[in-house]
Amino acid sequence: MFEVQNPEAPPAQWKKLPLAGAEVLVVWNGRPVDDGGESRPVCLRALSAFSNAQGQFAVPGWYGFPSAKQARLQPPVSYVYLAGYEEIPAPPGIDRAWSPEAGVHLMRKTGRATDPAAREAIFSAARDCPG
């Protein structure tokens, strides 16, 4: 988790500082094995954590159900919330994989009042998810 101090600069010139106190939600989704690819992914597990002074966060790993017959597990996805910040979107035409590595989030100050609904939108999806 990093705060980009100069988001107006080209990405190669960004000054990044670790961002502590960000709330992170890690979600594992999957699809039933016998659905023929027709159903939407369902949340199988969701865990939350906060970033530390080094901007790092950790949740226990999870490898799915004991039986692979139940669901096809998708790679985990992480979502971040910190009041007064927003995630920097990927440049146009570039897949989100442009970030330095999986699980790294680049944030910038928004300069506007924080909307409590923003956090709720991120975390409500996992409320009924096991975890």
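What follows is calculated from the coordinates using simple rules that are stated; it is not laboratory data. Owing to the predicted nature of the structure, the values given are computational and were not obtained by experimental measurement. Note that each Cβ is placed from the backbone with ideal geometry, even for glycine, and that neighbours are counted across all protein chains shown.
Couple of notes before you dig in:
- Once the Cβ-Cβ distance of A9 and R112 is raised to the sixth power relative to R0 = 22 Å, the FRET efficiency obtained is 0.55.
- Full extension of the chain between K16 and A125 gives 36.3 nm of extra length, using 0.36 nm per residue less the Cα-Cα distance.
- Segment A83-W62, length gained on full extension (0.36 nm per residue, minus Cα span): 4.7 nm
- Distance between the modelled labels on R72 and Q54, one decimal in nanometres: 3.7 nm (7 Å Cα→Cβ projection).
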